[in-house]
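Visitor: For reference, the structure I am asking about is given below.
The values are calculated or read from the model by the stated rules, or taken from the named source; none is laboratory data. No experiment lies behind these values; they were computed from the predicted model shown. Backbone-built Cβ (ideal geometry, glycine too); neighbour counts: all protein chains shown. The protein model used for the area step is the full one, side chains on, heavy atoms only, and it has no ligands, DNA or RNA in it. Shrake-Rupley method; radii C 1.70, N 1.55, O 1.52, S 1.80 Å.
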Amino acid sequence: WEFLNTYPVPSSNGDNDALIYLLTSRAYITGQFRDFDTAENFLKKAREINPQDPLTLLTQSNLLELEDCYEEALVPAQKLYKQNPYHVPGILYLAHRLMILDRREEAHDILLMSKERIESCNIYLLLITVEMECDMYDKALSHLNQLKSYIPFIEKKLKIFIQTMEVALQYLCGNSKKAISLAKEIDDDFHRDLVKNLSAHKKKKRIKLDV
């Protein structure tokens, strides 16, 4: 917020995209502070410039979610997706809102269709996450392998994150040996302990409890 305040919002500077960016950034940050009246004022100004701008719709959805208005937060996300089904943040927002409302099949279908249209790491990661939450472990592992083939060169943090997902999926798919092998490549205490525990119990049967 202090950084944004070094860039006062002009009444008009001829660059509507930049103005909407500044206004929606202020709306989002003040919303995080739970100052929804101020956030709505910034959003109102952005909507006056272009109510259909993706940032305007995404920010509106964000603020409604922060106010725990989950059904209402879905509406602008749906509007953006209908307006542009190739807009990656819009796809992610819509799938996330559907997951919050426990409409997992719809979220899964949208992500599955979107990954065929767009090669996006973020779409794949959310798709895999949804499939893990829905106990679709084989599908999640298959999509993780697809993702790895699309991004042979990735930054270290993302690579480690994908490795941790693969360890979990290999284990959940019953491939304990593979999970142990992959976990050994991750240099942190959690995975070192995981290797010890899996190695000690690899002959025991894993069961799933009803919850």
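Visitor: Picking from 64, 144, 78, whose Cα lies most toward the positive end of the charge dipole for the chain (charges on Cβ: Lys, Arg +1; Asp, Glu -1)?
Guide: The listed residue farthest towards the positive side: 144.
Visitor: Here's something else I'd like to know. Using only Cα atoms, what is the ratio of the radius of gyration of the chain to 2.2 N^0.38 Å?
Guide: 1.26
Visitor: Greater than 27 Å separation of Cα atoms is the criterion. Which listed pairs, 79/115; 82/156; 79/148; 148/177, meet it?
Guide: With Cα atoms farther than 27 Å apart: 82/156; 79/148.
Visitor: Quick check: the angle from helix 121-133's long axis to the longest principal axis of the chain, C-alpha only, nearest 10 degrees?
Guide: Once rounded, the angle reads 60 degrees.
Visitor: Fully extended, how many nm does the chain gain between residue 192 and residue 86 (0.36 nm per residue separation, minus their Cα-Cα distance)?
Guide: Full extension of this stretch gives 34.1 nm more.
Visitor: Which FRET efficiency value, to the nearest 0.05, is calculated for residue 177 and residue 157 with the Förster distance at 30 angstrom and r the Cβ-Cβ distance?
Guide: E(calc), rounded to 0.05, equals 0.65.
Visitor: Follow-up question, since we're still on this one. Tell me the volume per residue, in Å³, of the convex hull enclosing the alpha carbons of region 55-135.
Guide: 80 Å³
Visitor: Something else now. Can you give the accessible area of residue 44 in Å² (nearest 10), computed on protein heavy atoms with a 1.4 Å probe?
Guide: 120 Å²
Visitor: Taking only protein heavy atoms and a 1.4 Å probe, what accessible area per residue, in Å², does the chain have with all protein chains in place?
Guide: Normalised by residue count, the accessible surface of the chain is 62 Å².
Visitor: For residue 70 and residue 21, calculate 0.36 nm times their separation in residues minus their Cα-Cα distance, and state this gained length in nm to one decimal.
Guide: That pair, residue 70 and residue 21, stretches by 15.3 nm at full extension.
Visitor: At what distance in nm do the modelled label points of residue 117 and residue 44 sit from each other, each positioned 7 Å from its Cα along Cα→Cβ?
Guide: Taking the two extended label points, one gets 3.4 nm.
Visitor: Note down, for region 128-170, the three equivalent ellipsoid semi-axes (square root of 5 times each alpha carbon gyration tensor eigenvalue), biggest first, whole angstrom.
Guide: Ellipsoid half-lengths, sorted descending, are 19, 11, 8 Å.
Visitor: Please report the carbon-and-sulfur percent of the accessible area for the chain; probe 1.4 Å, protein heavy atoms only, DNA, RNA and ligands left out.
Guide: Of the solvent-accessible surface of the chain, carbon and sulfur hold 52 percent.
Visitor: Work out from phi, with θ = phi - 60° and the Karplus expression 6.51 cos²θ - 1.76 cosθ + 1.60, the ³J(HN,Hα) of each residue of region 143-154, listed in order in whole Hz, and give x for Gly and Pro.
Guide: 5, 5, 5, 4, 4, 4, 6, 7, 10, x, 10, 9
Visitor: For helix 36-49, what angle does its Cα long axis make with the longest principal axis of the chain, in degrees from 0 to 90 and rounded to 10?
Guide: 70 degrees
Visitor: Compute the helix-to-body angle for 70-83: its Cα long axis versus the longest principal axis of the chain, expressed 0 to 90° and rounded to tens.
Guide: Between helix and principal axis, roughly 80 degrees.
Visitor: Shifting gears a bit: Dipole size in debye (nearest 20) for region 29-101 around its Cα centre, Lys and Arg Cβ +1, Asp and Glu Cβ -1?
Guide: Charge dipole of region 29-101: 300 debye, to the nearest 20.
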